[in-house]
Amino acid sequence: MLKIEDINVYYGNIQALRGVSMDINKGEIVTLIGANGAGKSTLLKTISGLLKPKQGKVLFEGESIGGKAAQSIVKLGISHVPEGRRVFANMTVEENLELGAFLRKDKAGIKQDLEKVYTLFPRLLERVKQQSGTLSGGEQQMLAMGRALMARPRLLLLDEPSMGLAPLLVKQIFNIVEEINKGGTTILLVEQNANLALSIADRAYVVETGSIVLSGEAEELTASEEIKKAYLGGH
Ligand code: ATP
């Protein structure tokens, strides 16, 4: 579904990704594991068109998207939930969700998806008219995910959905990620909590200083001594 071939990405003169290649198959949950600053967010931003690779290819369903505008990439079926949620604080929950569908014209489909989002996140339904800036961190994460789903993505990019959330809420968010995946959406998940990410993922890639150093089945990586030591708290 998504194929990345040997990309190099820079911030000015600073190289953030070096020769990164990866594949995501339809229906999978794939996770990116790596320390702070390894380049995980940069990879998501490159897929969603916020950054352009200087070299290499990004192919989505066979089409090259490496130089395309972010908006065109959303239209093709990729939504990005950025780190730190970024909901529009002065707008209501409902308005934020409607914005997620702003590239669509199929009114009936939008209405259907709005209902789906409220089923997935009943808390948002309770807060439809509330200003988004007054929501809790967990609710804002739900809203950011709901807004991304309103574009009806086939591939959903999630950047650190658990950041700053209490453990119980994290569990809830991860259950919903699995539910979204079961509904047919392919997922690329960036997560600091490698244990949790590997527990729901099919496959994982390990990123270190801008390069992929290891990849494999999630189960396999969970069992690997190297991964345990470096990313799973040594247990
Ligand atoms: P984190 O979990 O902290 O977000 P990450 O793995 O997502 O880590 P990135 O945010 O992708 O890492 O950053 C990769 C590298 O690029 C880091 O060295 C970072 O300092 C650098 N970097 C990120 N954003 C910028 C920017 N806007 N300008 C310059 N350098 C940047």
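Since every read-out is calculated from the coordinates, none of them should be taken as a lab result. Since we're looking at a predicted model, the values are computed, not measured. Positions of Cβ are backbone-derived with ideal geometry, glycine not excepted, and every protein chain shown enters the neighbour counts.
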* Asked: Relative to the Cα centre, what is the charge dipole magnitude of region 86-151, using +1 at the beta carbon of each Lys and Arg, -1 at the beta carbon of each Asp and Glu, and rounding to the nearest 20 debye?
  -> 120 debye
* **the chain - share of DSSP beta bridges that are antiparallel (%, nearest 5)** => 55 percent
* Asked: With each pseudo-label sitting 7 Å past Cα toward Cβ, what's the Lys54-Lys116 distance in nm, one decimal?
  -> 3.9 nm
* To do: Let me have the relative contact order for region 86-151, percent, based on Cα pairs under 8 Å that are six or more residues apart.
  => 57 percent
* Please report the relative contact order for region 53-163, taking Cα pairs under 8 Å with a sequence separation of at least 6, and give it as a percent rounded to a whole number. => 42 percent
* To do: Using a/c under 1.5 as the rounded threshold, could you call region 86-151 rounded, prolate or oblate? The axes a ≥ b ≥ c are square roots of the C-alpha gyration tensor eigenvalues, and prolate needs a/b larger than b/c, oblate otherwise.
  => prolate
* Straight distance only, please: which aspartates and glutamates reach the Cα of Lys229 with their own Cα at less than 20 Å, same-chain residues fewer than 8 apart left out? => Glu191, Glu208, Glu217, Glu219, Glu220
* **Test item: Cα-centred dipole of the chain, Lys/Arg +1 and Asp/Glu -1 on Cβ, debye** => 800 debye
* Structure fact -> Thr209 and Glu98 label points (each 7 Å along its Cα→Cβ direction) are spaced in nm at 5.0 nm
* Asked: About its Cα centre, how strong a charge dipole does region 1-129 have in debye, to the nearest 20, once Lys and Arg get +1 and Asp and Glu get -1 at the Cβ?
  -> 240 debye
* How high is the FRET efficiency from Arg86 to Glu219, r the C-beta distance, R0 35 Å, rounded to 0.05? -> 0.60
* Structure fact -> 1/(1 + (r/R0)^6) with r = Cβ-Cβ of Asn175 and Asn13, R0 = 45 Å, i.e. FRET efficiency to nearest 0.05, evaluates to 0.60
* **Extension gain, Leu168 back to Gln130 (0.36 nm per residue minus Cα-Cα distance, nm)** => 11.3 nm
* Structure fact -> Inter-part gap, Cα centre of region 161-207 to Cα centre of region 95-124, in whole angstrom, is 22 Å
* Structure fact -> Per the rule of 0.36 nm per residue minus the C-alpha distance, extending Lys26 to Asp106 adds in nm 26.4 nm
* Could you give the distance between the Cα centres of region 212-235 and region 52-69, to the whole Å? -> 29 Å
* To do: May I ask you to derive the relative contact order of the chain, considering only C-alpha pairs under 8 Å and at least 6 residues apart, and to give it as an integer percent?
  => 27 percent
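Given a Förster distance of 25 angstrom, what is the FRET efficiency for Asn195 paired with Lys75, based on the Cβ-Cβ distance and rounded to 0.05? Please report the intermediate quantities before stating the final value.
On the way: r = 35 Å, r/R0 = 1.42.
For R0 = 25 Å, the calculated efficiency reads 0.10.
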* To do: Among Gly66, Gly37, Gly49, determine the one that fluctuates most according to a GNM of the chain built with springs between C-alpha atoms less than 10 Å apart.
  => Gly37
* Name the lysines eligible as straight-distance cross-link partners of Lys129: C-alpha to C-alpha under 17 Å, and not fewer than 8 places from it in the same chain. => Lys111
* Asked: For the peptides 157-163, 220-226, 17-23, what is the packing order when you average, over each peptide's residues, the other Cβ atoms within 10 Å and list the highest mean first?
  -> 157-163, 17-23, 220-226
